[in-house]
Amino acid sequence: RAKDLGGRRVEVFAAQMHADAVRRLELAADLQRALIENQFAIEYQPVVDLATSRVTAVEALVRWWRGSTFVPPEQFLGPAEDTGLIVPLSEWILREACREVAAWRASSWDIGLSLNLSARQITAPRFVETVSQALEESGLPASALTLEVIEEMLVEDAEETISRLSELRALGVRLAIDDFGTGYASLAFLRQLPVDMIKIDPSFVSGLGRDETLTLLTRTIVRLGHDLGLIVVAEGIERPEQLEKLREMGCTRGQGFLVARPMAARGVDTLMRTSLQSAL
Ligand code: C2E
Ligand code: MG
Ligand code: MG
Ligand code: MG
């Protein structure tokens with residue numbers, strides 16, 4: 001009997017594994033098709049200067065509608081990375097976002113672009129050339145582009161990744177560490193990196209005003225960033241209280257649903273018109 005049950009369990013397990021494998025293959029095939037059929041879109045989330053509320057940049061965030069279902073980036077970026085599709089996808093995002101932000105800048109709106117990099121993209125052949133080509137074609141100045149990486153990328157494949165990023169920085173591109181505080185890079189290591197900006201992870205920002213430890217940690221990160229001469233961006237600002245605390249801490253910039261949600265290019269157009277109008 002016990003044997004039967006065990007056999008049954010193995011069968012169920014094998015069926016489950018089979019179903020997972022099929023789902024992964026389907027997702028990979030769908031991703032490939034999505035790329036060919038231009039099913040991807042970019043949304044832009046404004047980043048503001050906390051002292052002046054001016055929009056300093058927009059962060060490009062990829063969007064995928066698989067038929068009529070929205071698939072969050074966290075669900076398809078892993079498979080895209082595993083299949084290598086992340087490379088052409090990221091290249092499309094890079095070109096498209098550079099082009100759109102260059103057009104906004106041409107309307108005399110002084111904003112920058114932040115892009116998230118994937119590990120595989122950085123180590124792909126001709127990564128540096130691809131970025132400098134996208135800048136050249138779009139006319140976006142290198143100094144208006146910030147590339148975001150997470151700590152893990154700087155620790156794994158560290159030498160190659162850091163040397164590629166240093167080449168880009170030599171071109172004038174800025175570098176940011178995204179989700180700062182959640183990784184395992186040591187402070188000593190961080191100090192040696194060619195970085196211009198840190199983005200404080202929402203897991204710290206969420207506790208502002210509610211949790212003493214998280215508030216203290218956020219304050220410490222802001223101070224550390226400033227002591228290292230870095231621009232400090234707080235991510236995931238959802239409540240007025242968080243905004244207030246961050247301003248009081250002297251945090252440079254902020255991003256979050258309270259400030260502005262990610263929006264399609266058309267939404268950014270509208271935002272630009274109101275921003276330019278209010279600047280007059
Ligand atoms: P991230 O780079 O840390 O981006 C911030 C994420 O937080 C975005 O989620 C954004 O929509 C969300 N967010 C912004 N403000 C708030 C807030 O106030 N509250 C909450 N709860 N969330 C907020 P999204 O678009 O789902 O992206 C998730 C992650 O996927 C990104 O995290 C980034 O690591 C990755 N990703 C997104 N687009 C791209 C891309 O084009 N290329 C690559 N390689 N990765 C991307
Ligand atoms: Mg980011
Ligand atoms: Mg982040
Ligand atoms: Mg993240």
>> Consider the stretch 94-117. How many of its residues are surrounded by fewer than 19 Cβ atoms within 10 Å (Cβ to Cβ) and hydroxyl-bearing (Ser, Thr, Tyr)?
In response: 2
>> Of everything in the stretch 235-280, what is outside any helix (DSSP H, G or I), surrounded by 13 or more Cβ atoms within 10 Å (Cβ to Cβ), of a type in the set (Gly, Ala, Ser) and in contact (Cβ under 8 Å) with a residue 60 or more places away in the chain? Give them in sequence order.
In response: Gly254, Ala260
> Quick one: how many residues across the stretch 67-93 are within 16 Å of ligand 4 (Cβ to nearest atom) and either part of a loop (DSSP other than H, G, I, E, B) or loosely packed, with under 15 Cβ neighbours inside 10 Å (or both)?
Replying inline: 5
>> If Val195 meets every condition in (1) within 13 Å of ligand 1 (Cβ to nearest atom); (2) assigned to a loop (DSSP other than H, G, I, E, B); (3) under 18 Å from the mean Cα position of the chain (by Cα) apart from one, which number is that one?
In response: (1)
> Out of all the residues in the stretch 177-184, is one or more within 16 Å of ligand 2 (Cβ to nearest atom), closer than 17 Å to Asn116 by Cβ and surrounded by fewer than 16 Cβ atoms within 10 Å (Cβ to Cβ)?
Replying inline: yes
>> Need pairs with beta-carbon distance below 6 Å; first residue away from ligand 3 (no atom under 14 Å from the Cβ) and within the stretch 171-198, second among the acidic types (Asp, Glu); sequence gap 6+ or separate chains.
In response: Arg174/Asp196; Leu175/Asp196; Ala185/Glu151
> Has the stretch 137-147 got at least one residue that is within 16 Å of Arg174 (Cα to Cα) and surrounded by fewer than 16 Cβ atoms within 10 Å (Cβ to Cβ)?
Replying inline: yes
> Given the residues Val222, Val173, which is the only one that is under 22 Å from the mean Cα position of the chain (by Cα) and over 21 Å from Arg239 (Cα atoms)?
Replying inline: Val173
> Does Lys245 satisfy being within 16 Å of ligand 3 (Cβ to nearest atom), under 16 Å from Val48 (Cα atoms) and out of contact with any helix residue (DSSP H, G or I) (no Cβ under 6 Å at 6 or more places or on another chain)?
Replying inline: no
> In the stretch 96-139, which residue that is farther than 18 Å from Leu61 by Cβ, touching a helix residue (DSSP H, G or I) at 6+ places or on another chain (Cβ under 6 Å) and outside any helix (DSSP H, G or I) is nearest to ligand 1 (Cβ to nearest atom)?
Replying inline: Ala124
>> Checking Ala265 against (1) under 27 Å from Ala60 (Cβ atoms); (2) in contact with a Phe, Trp or Tyr (Cβ under 6 Å, 6 or more places away or on another chain): exactly one of these is not met. Which one?
In response: (2)
> If Trp64 satisfies every condition in (1) away from ligand 3 (no atom under 16 Å from the Cβ); (2) part of a strand (DSSP E or B); (3) within 25 Å of Arg169 (Cα to Cα) but one, which is the exception?
Replying inline: (3)
>> Can you say whether Asp201 is at pLDDT 95 or above, among the charged types (D, E, K, R) and within 16 Å of the chain's Cα centre (by Cα), as far as the supplied structure shows?
In response: yes
> Looking only at the stretch 151-170, which residues are assigned to a helix (DSSP H, G or I), charged (D, E, K, R) and more than 16 Å from ligand 3 (Cβ to nearest atom)?
Replying inline: Glu159, Glu160, Arg164, Glu167, Arg169
> Counting just the residues of the stretch 41-55 that are surrounded by fewer than 18 Cβ atoms within 10 Å (Cβ to Cβ) and either at pLDDT below 95 or away from ligand 3 (no atom under 16 Å from the Cβ) (or both), which one comes out nearest to Pro73 (Cα to Cα)?
Replying inline: Ala41
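Rundown of residues vs (1) more than 16 Å from ligand 4 (Cβ to nearest atom); (2) part of a helix (DSSP H, G or I); (3) at negative phi, yes/no style:
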{"site": "Phe189", "(1), (2), (3)": "yes, yes, yes"}
{"site": "Ser203", "(1), (2), (3)": "no, yes, yes"}
{"site": "Thr218", "(1), (2), (3)": "yes, yes, yes"}
{"site": "Val233", "(1), (2), (3)": "no, no, yes"}
> For Gly207, all conditions in the list (1) under 22 Å from the mean Cα position of the chain (by Cα); (2) closer than 30 Å to Val131 by Cβ hold save one; what is the number of the exception?
Replying inline: (2)
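The values are calculated or read from the model by the stated rules, or taken from the named source; none is laboratory data. Please read all numbers here as calculations on a predicted model, not as lab measurements. Heads up, the Cβs are rebuilt from the backbone with ideal geometry, glycines too, and the neighbour counts pull from every protein chain shown.
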